[in-house]
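Participant: Input: one structure, supplied below.
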Amino acid sequence: MLQRLASALYLMTATLWVGGLWSLGYIAAPVLFSGLADRSVAGTLAGQMFSVIGWIGIGGGAYMLVFMLYRRRLAVLRELLFWCVLAMLLLACAQVFGLQPLIAQLRSESAVRELAEAATRNRFASWHGVASALYLGQSLLGLFVVLRVGKGSN
């Protein structure tokens, strides 16, 4: 009974994490920026949502790795799925603990100066681009993970 529950939670975790990445990054955030006249409000809301999905990724990734290690012990270290989930977890940590606080700080600095300073605007754009590239990488790894988990690789 507990093993079935753990397996179901593993599948639900993969679905929530990857589905959240895709729906937030490629549907919700673009709708916010196209639907709200105030880009600052859109950015604040998107940032809050990206933070939530980042924490879901950290918790979910940790659970998935522990589940796989418990299930297949050290043999799991030879499986691509394990390394993809680990990479996704590390990217989620980079987003939550590194890039999101940095981008939030740059946003607050630029809000005070009303984006008047080109250096702050350029730094914000550069770090936002890095965050977007890492998010895309996490999303593509997630696609692979969902396809493998859907085939019963756990």
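Participant: Yes or no: segment 94-101 includes at least one residue that is at pLDDT below 85, more than 26 Å from T15 (Cβ to Cβ) and assigned to a helix (DSSP H, G or I).
Facilitator: The answer is no; no qualifying residue exists.
Participant: Scanning for something polar (S, T, N, Q), out of contact with any Phe, Trp or Tyr (no Cβ under 7 Å at 6 or more places or on another chain) and farther than 23 Å from I58 by Cβ, does segment 15-26 turn up at least one residue?
Facilitator: Among the residues of segment 15-26, not one is polar (S, T, N, Q), out of contact with any Phe, Trp or Tyr (no Cβ under 7 Å at 6 or more places or on another chain) and farther than 23 Å from I58 by Cβ, which makes the answer no.
Participant: Right, next: Residues that are modelled with pLDDT under 95 and either over 20 Å from Q138 (Cβ atoms) or among the acidic types (D, E) (or both): does segment 8-24 have at least one?
Facilitator: Yes - at least one qualifying residue is present in segment 8-24.
Participant: When segment 123-146 is examined, which residues are found to be under 17 Å from I56 (Cβ atoms) and of a type in the set (S, T, Y)?
Facilitator: Scanning segment 123-146 gives Y135, S139.
Listed here are the residues, each with its yes/no results for (1) among the aliphatic types (A, V, I, L, M); (2) without any contact (Cβ under 8 Å) to a residue 24 or more places away in the chain.
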{"residue": "M1", "(1), (2)": "yes, yes"}
{"residue": "M12", "(1), (2)": "yes, yes"}
{"residue": "F33", "(1), (2)": "no, yes"}
{"residue": "A46", "(1), (2)": "yes, yes"}
{"residue": "L81", "(1), (2)": "yes, no"}
{"residue": "L91", "(1), (2)": "yes, no"}
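Participant: Related question: Within segment 131-151, can you find the residues that are exposed (fewer than 15 other Cβ atoms within 10 Å of the Cβ) and modelled with pLDDT of 80 or more?
Facilitator: Residues satisfying the conditions are S132, A133, L136, G137, L140, L143, L147.
Participant: Here are the criteria: (1) within 28 Å of R107 (Cα to Cα); (2) surrounded by 13 or more Cβ atoms within 10 Å (Cβ to Cβ); (3) in contact with a Phe, Trp or Tyr (Cβ under 9 Å, 6 or more places away or on another chain); (4) free of Cβ contacts under 8 Å to residues at least 24 places away in the same chain. Tell me which single one R72 does not satisfy.
Facilitator: Every listed condition holds for R72 apart from (1).
The values are calculated or read from the model by the stated rules, or taken from the named source; none is laboratory data. None of these values were measured; they are calculated from a predicted model. Note: ideal-geometry Cβ built from the backbone for every residue, glycine included; neighbour counts use all protein chains shown.
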